[in-house]
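Undergrad: Questions regarding the structure given below will be posed in turn.
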Amino acid sequence: MSMRSFSDRIRHAVLFELIGIAIFTPAAAWLFNQPVAHMGVIGIVSATVATVWNLLFNLGFDHALVRVTGRMAKTMPIRVAHAMLFEAGLIVLLIPFVAWYLGVSLWAALMMDISIVAFYLVYAFAFNIAYDRVFPVRELDAHDRAANRALAA
């Protein structure tokens, strides 16, 4: 059975965040009428948290997918669930920081984050389909299998 290597997961997470932040920062500054620098900080902190979350979540999701279905193939409903669960986890992780940094209530931060999540939900869905087509899953070599076993332990 094939699964993404650790280095492939790093590439996936980094590309996802770099492209996302390049789109997010100017758009969020305009949409929320905030200084670009403030939204840049929100974007960088969010991207850092999201990168770690992306790596951990996708590793766990893939292992759960194989355990439940016996395969790595992702149907459209699985892709939708994947994107929604990923974004729900980010909401829980990021709302307190956004509220504190921008000096807004948790409710205001949640409302801002819902807009951001709507963007990233669509972006994550499209990015992951594109990534799977550009970088298809390959057969693992012995080194990759050993690294993935070490992470799972």
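Undergrad: Only residues that are open to solvent by 40 Å² or more (accessible area, probe 1.4 Å), free of Cβ contacts under 8 Å to residues at least 40 places away in the same chain and part of a helix (DSSP H, G or I): list them for region 23-35, please.
TA: Within region 23-35, P26, W30 qualify.
Undergrad: Is it the case that some residue within region 94-103 is within 24 Å of R11 (Cβ to Cβ), within 18 Å of the chain's Cα centre (by Cα) and at pLDDT 90 or above?
TA: Within region 94-103 (the criterion being within 24 Å of R11 (Cβ to Cβ), within 18 Å of the chain's Cα centre (by Cα) and at pLDDT 90 or above), the answer is yes, since at least one residue qualifies.
Undergrad: While we're on this one: Scan region 109-124 for residues that are under 10 Å from the mean Cα position of the chain (by Cα) and among the aromatic types (F, W, Y) and jot them down. I'd like the intermediate steps shown before the answer.
TA: Of the residues in region 109-124, the ones under 10 Å from the mean Cα position of the chain (by Cα) are 120-121, 123-124.
Passing the criteria: Y120, Y123.
Undergrad: Next question. Which of (1) open to solvent by less than 70 Å² (accessible area, probe 1.4 Å); (2) outside any helix (DSSP H, G or I) is the odd one out, the single condition R71 does not satisfy?
TA: (1)
Here's the yes/no breakdown for (1) loosely packed, with under 14 Cβ neighbours inside 10 Å; (2) out of contact with any strand residue (DSSP E or B) (no Cβ under 8 Å at 6 or more places or on another chain); (3) assigned to a helix (DSSP H, G or I):
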{"position": "I21", "(1), (2), (3)": "no, yes, yes"}
{"position": "A37", "(1), (2), (3)": "yes, yes, yes"}
{"position": "F61", "(1), (2), (3)": "no, yes, yes"}
{"position": "F86", "(1), (2), (3)": "no, yes, yes"}
{"position": "G89", "(1), (2), (3)": "no, yes, yes"}
{"position": "L94", "(1), (2), (3)": "no, yes, yes"}
{"position": "W100", "(1), (2), (3)": "yes, yes, yes"}
{"position": "V104", "(1), (2), (3)": "no, yes, no"}
{"position": "A118", "(1), (2), (3)": "yes, yes, yes"}
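Undergrad: Just name the residue that is nearest to A109 (Cα to Cα) out of those in region 3-44 that are within 13 Å of the chain's Cα centre (by Cα) and among the aliphatic types (A, V, I, L, M).
TA: I21
Undergrad: Going residue by residue through region 122-137, is there one that turns out to be at pLDDT below 90, closer than 18 Å to M3 by Cα and among the basic types (K, R)?
TA: The answer is no, given that none of the residues of region 122-137 is at pLDDT below 90, closer than 18 Å to M3 by Cα and among the basic types (K, R).
The values are calculated or read from the model by the stated rules, or taken from the named source; none is laboratory data. As the structure is a computational prediction, the values presented were derived from the model and not from experiment. All Cβ positions, glycine included, derive from the backbone under ideal geometry; neighbour counts span all protein chains shown. Please note that ligands, DNA and RNA were not included when accessible areas were found on the heavy atoms of the full protein model with its side chains. Shrake-Rupley method; radii C 1.70, N 1.55, O 1.52, S 1.80 Å.
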